[in-house]
Amino acid sequence: MPKLYIHIGTGKTGTTAIQDYLYNRIQDFSARNVHYWGINLEHAPALNRHSANRFAWQTQSGTGMLQQMPLPQARCELEQALRAAMDSLTPNAIAVWCNESIHERPELYIPLFKSCQADGGISITLFAYTRNRRDYIRSAYKQWGVRHKTNYGRVLGFSQWILLMRKHLCYGEKLAQWDQEFPGAFHLINYDSLADVTHDFVSRLPQCTDLLPQQCRNRINATPADVSLALYALYNNQFTEPVTPTTIEDLLSRYQLLDVDFKMDSLAMLFPTSDDINDAVSALQSDANLVNSILERHGQPQLTIKECNGVEEDIVSEQSIIAGTMSLLLRILVEQEKRINALEQRAIKSRVIQLFAKYLNQVSASFASSFPSRHLAASSNSQKVTPFTGELSDSR
């Protein structure tokens with residue numbers, strides 16, 4: 001019977017590192033009959049062979065489209081895509097699906113997975129990772145509140161964003177549904193207790209012991225540094241709609257910012273105090289307790305509440321952030337100035353070559369006109385004078 005291993009969440013627990021490792025070694029896994037299906041089934045074998053049967057959300061970035069799709073349509077399309085992928089598996093094959101958003105919509109995925117298990121002749125095993133709430137909410141805010149502004153309007157301060165996203169940040173009840181519906185097949189793992197989450201996940205896949213990565217705490221999509229975070233906030237505040245992380249990089253690369261009148265908000269709100277974080281942790285404590293109870297039943301160490309020593313390592317003054325941001329912008333300007341100077345020097349050299357070519361052509365024309373026409377005609381072996389264009393020939 002084929003087996004399907006599904007990573008269902010949660011966010012900010014190294015999911016991107018796992019996805020990148022599986023994708024970068026997809027051929028190595030396939031050689032062991034372990035097939036990585038991607039984030040949204042974009043690498044599922046059957047669908048790759050019949051691209052016309054793909055749905056619009058079957059891309060690496062299609063998660064949002066599927067998650068926001070009305071439930072009846074999502075069920076219909078997802079079932080077609082998943083069953084088509086399952087039909088491609090041989091009896092001893094193993095498939096891997098890794099999407100951290102799956103846990104957020106149990107009403108969509110749980111009935112489908114149970115149906116596939118019941119009549120699809122496939123064994124399904126589910127994995128979810130969870131981390132302590134202090135690190136989770138701080139990382140989540142910097143990623144989805146500032147760097148990738150997911151809300152409409154201005155960039156919200158930490159406390160405002162927590163209030164807006166509290167329902168999304170509480171995932172204990174949803175994990176409890178998964179635990180209840182898949183007894184023995186659902187595994188919740190304490191991320192904080194792991195040396196490397198990618199190593200842990202790959203170690204749970206059969207036939208892959210020789211593909212285990214080194215335990216190095218890979219960090220992909222890591223929380224940006226404070227100065228970079230402030231730069232994202234300053235830019236993202238110019239737009240009412242959500243802004244993706246790549247926008248600011250694209251803007252800076254175009255270097256057309258000198259005459260833009262940027263708006264300025266206080267930067268202090270972006271960096272929560274210990275009291276702000278403690279209040280947010282307290283507000284989510286009941287959900288954390290529920291997650292701990294599930295961890296205990298799975299023989300996993302419980303999530304602990306990190307004690308604050310009164311000084312948060314990321315609390316900095318607004319003045320230092322402004323100074324750091326200005327320093328970063330200055331470094332960018334200096335680098336851009338070097339590139340502009342290099343381009344100008346190339347342009348000057350190109351102009352000199354063009355002028356020299358024009359001069360040679362004029363000399364050639366003058367030289368040719370100084371000979372009598374009959375003298376030129378008498379020489380049957382004479383060669384035509386080719387105008388010089390400034391291009392060097394490889395001919396000897």
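Throughout, read-outs are computed from the coordinates displayed, never taken from laboratory work. Keep in mind that this is a model prediction, so the values were computed, not measured. Neighbour counts are summed over all protein chains in view; Cβ atoms, including those assigned to glycine, are modelled from backbone coordinates with ideal geometry.
Would you mind getting me the FRET efficiency between residue 90 and residue 275? Use the beta-carbon distance for r and R0 = 51 Å, nearest 0.05. Write out the running numbers ahead of the final one.
Values: r = 57 Å, r/R0 = 1.12.
Using R0 = 51 Å, I get an efficiency of 0.35.
Rounded to the nearest 0.05, what FRET efficiency do residue 244 and residue 71 give with R0 = 30 Å and r taken as the Cβ-Cβ distance? Could you check? Working shown, then result.
On the way: r = 26 Å, r/R0 = 0.87.
Between residue 244 and residue 71 the formula returns 0.70.
Give the long-range amide H neighbours of residue 124: residues separated by 5 or more places, or on another chain, with amide H under 5 Å away, using H modelled in the peptide plane at 1.01 Å from N.
4
What is the fewest-to-most order of 87, 135 by other Cβ atoms lying within 10 Å of their Cβ?
Details: 87 11, 135 17.
So the residues, fewest neighbours to most, are 87, 135.
If I model a spin label at residue 30 and residue 268 as a point 7 Å from the Cα along the Cα→Cβ vector, what separation in nanometres do I get?
In this crude label model, residue 30 to residue 268 measures out at 5.7 nm.
I need the shape label for segment 55-192. Rule: rounded when a/c is under 1.5, else prolate if a/b > b/c, else oblate, with a, b, c from the alpha carbon gyration tensor.
The shape class here is prolate.
For residue 12, enumerate residues with amide H under 5 Å from its amide H, sequence gap 5+ or separate chain, H modeled in the peptide plane.
Long-range HN contacts for residue 12: none found.
Too long at a 32 Å Cα-Cα cut-off: which of 12/338; 12/114; 114/149; 114/167; 149/174; 167/306?
Working: 12/338 38 Å; 12/114 27 Å; 114/149 35 Å; 114/167 26 Å; 149/174 25 Å; 167/306 22 Å.
Cα-Cα > 32 Å for 12/338; 114/149; rest within.
Return the long-range amide H neighbours of residue 93 (sequence gap of 5 or more, or a different chain), with a cut-off of under 5 Å between placed amide H atoms.
HN-HN under 5 Å from residue 93: 3.
Report ³J(HN,Hα) in whole Hz for each residue of segment 274-288, in order, from the Karplus equation J = 6.51 cos²θ - 1.76 cosθ + 1.60 where θ = phi - 60°; Gly and Pro get x.
Along segment 274-288, the couplings run 4, 5, 4, 5, 4, 5, 5, 4, 5, 5, 9, 5, 5, 5, 5 Hz.
May I ask you to evaluate 6.51 cos²θ - 1.76 cosθ + 1.60, the Karplus curve with θ = phi - 60°, for each residue of segment 94-106 and list the ³J(HN,Hα) values in order in whole Hz, giving x for glycine and proline?
In residue order, the calculated couplings are 10, 10, 10, 10, 10, 9, 5, 8, 4, 5, 6, 10, x Hz.
What does the C-alpha gyration tensor say about the overall shape of segment 1-118? Classify as rounded when a/c is under 1.5, otherwise prolate if a/b is larger than b/c, or oblate.
Details: a/c = 1.43, a/b = 1.17, b/c = 1.22.
Rounded is the answer for segment 1-118, as its axis ratio a/c remains below 1.5.
Fewest Cβ neighbours within 10 Å first, please rank 338, 149, 167 accordingly. Before the final figure, lay out the partial values.
On the way: 338 10, 149 25, 167 7.
With the sparsest Cβ surroundings first, the list reads 167, 338, 149.
Rank the residues 10, 125, 304 as a footprinting-exposure proxy: fewest other Cβ atoms within 10 Å of their Cβ go first. Intermediate values should be presented prior to the final figure.
Working: 10 24, 125 16, 304 13.
Least crowded to most crowded, the residues run 304, 125, 10.
Can you order the peptides 54-64, 23-33 by their average number of other Cβ atoms within 10 Å per residue, highest first? Intermediate values should be presented prior to the final figure.
On the way: 54-64: 15.9, 23-33: 14.2.
Peptide ranking by packing, descending: 54-64, 23-33.
Just to check I understand the Karplus step: with θ = phi - 60° and J = 6.51 cos²θ - 1.76 cosθ + 1.60, what whole-Hz values come out for segment 241-246, glycine and proline as x?
7, x, 10, 7, x, 6
Quick one: if the Förster radius is 51 Å, what FRET efficiency do residue 365 and residue 332 give, using the C-beta to C-beta distance and rounding to 0.05? Write out the running numbers ahead of the final one.
Details: r = 50 Å, r/R0 = 0.97.
About 0.55, to the nearest 0.05.
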